[in-house]
1. If ARG101, ARG71, ARG36 are ordered by their accessible area, calculated over protein heavy atoms with a 1.4 Å probe, which sequence runs from highest to lowest?
2. Ranked highest first by the average count of other Cβ atoms within 10 Å around their residues, in what order do 299-308, 80-89 fall?
3. Compute, for TYR114, the solvent-accessible surface of its heavy atoms (probe 1.4 Å) with the complete set of protein chains present, and express it in square angstrom to the nearest 10.
4. If you count, for each residue, the other Cβ atoms within 10 Å and average over each peptide, how do 338-350, 239-251 line up from highest to lowest?
5. With a 1.4 Å probe and every protein chain kept in, tell me what percent of the accessible surface of region 36-149 is carbon plus sulfur.
6. How many percent of all Cα-Cα pairs in region 50-190 sit more than 20 Å apart?
7. Can you tell me how region 304-390 classifies by the Cα gyration tensor, rounded, prolate or oblate, using a/c under 1.5 as the rounded cut?
8. Could you give the length gained by full extension between MET151 and PHE95, i.e. 0.36 nm per residue of separation minus their alpha carbon distance, to one decimal place?
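The values are calculated or read from the model by the stated rules, or taken from the named source; none is laboratory data. Small disclaimer: the values here were computed from a predicted structure and weren't measured. Don't worry about glycine lacking a Cβ; one is built from the backbone with ideal geometry, like all the others, and counts go over all protein chains shown. Just the protein is used for accessible areas: all its heavy atoms, side chains included, with ligands, DNA and RNA removed. Shrake-Rupley method; radii C 1.70, N 1.55, O 1.52, S 1.80 Å.
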Amino acid sequence: MGSVIIGSGRALPARIVTNDELSEIVDTTDEWIVPRTGIHTRHVAIEETCTDLGTQAALRALGLEEGGWQREAGAIDAATLGMIICPTLTADTHFPSEAARIRERIGATNAVCYDMSCACSGCVYGLSTADLIMAGAAFARQEAARTGGPMRCNDVRRVLVVAAERLSKLVDWEERATCILFGDGAGAVVLEWRDEAEAGAAEAAGAAGAAGADGADAPGILSSYMENTDDVDRTLWCDSAFASREVPFAADGTTAAAGTSTTDAPRLAAADAESDPYMRMAGQAVFKFATSAMIRCTEEALTRAGLTTDDVTLFTPHQANERIIRYAAKKMGLPMERFQVIIDHVGNVSGASALIALNEALCEGKLQPGDIACMTAFGGGLTAGSCVIRI
């Protein structure tokens, strides 16, 4: 039994920004960017909000809008979702959560919602968390049936994981090291908990899938692995825009007079006078961390699944830099054809990147029911992790 992907979708802003356009606002060229990153273009949200992008990706994953992928024919009723998890760094509001805003848009009237802040690893953290929550609910159902008592938690059987980002709002467009890398967009999957009997019934009914009548080789998340490393050197960092906002009180017990502005009252305390609202990155340190984390997390997740790289049909990694993917692939002895690479036309979209890559692979037919996908991500925190999924 396990969490099966029954829908997948993606959304990208209409505005495409080329490397040549970037060269008009920062000291760079297409010839400089491509060899170092693999990026030719990225999408930048001009009119779209984070909620707009997340909603469109969610609707496509549910089959309520064209452009998505569904395991079985027909749309998925949003009202059957028990939870929405939204990994994001750029929610349109601090509250309500981005997940709650998307819930309202798609009509997921029964979903519990919350956001996750784990940067580019949001795809893996979101899938792993959804899997764990549904596994816990399945156990609670079994216990309730055994004891005749009530469920001890929400009976979550379907979860929407939708990562949505507008990183263009965090980028310092005068800093070449970061502004060339990032783009905006959203990726989503719908997960459904199925036990062996349910998987077998789906196969018997003619639904697309690899599960046999006894549930052998059933689709689902086969394993996951997550880790955190302390970012003591501020390798990847972005301060809160509110960190330097002053308050009308001082440590010495004084209070600002009514009507006094913060500029007229320098004694008033700021949370952090050195606050920087833009994303900052130490490129070489990130490369070193990312390549080692990608290899380590992939190997750990595959070991937990009882598989090797030979069993994986396609790797759908986080798209931070094509050089990172190529370096890791070489270290693992794998050809680049085994990796879904989308960074050339999407850029780095943080936690949405690997979900967008997964959706492209599904829509292009590179992944079929029964195939094994391995999703690995790494990012600010420092966070990293991997999921092994049978489609």
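1. Result of the area sort, largest leading: ARG36, ARG101, ARG71.
2. Listed from highest to lowest mean packing, they are 80-89, 299-308.
3. Near enough 70 Å² of accessible area.
4. Those peptides, ordered most packed to least, come out 338-350, 239-251.
5. Here carbon and sulfur together make up 53 percent of the probe-accessible area.
6. Cα-Cα pairs of region 50-190 separated by over 20 Å account for 50 percent.
7. rounded
8. Taking MET151 through PHE95 to full extension adds about 17.2 nm, to one decimal.
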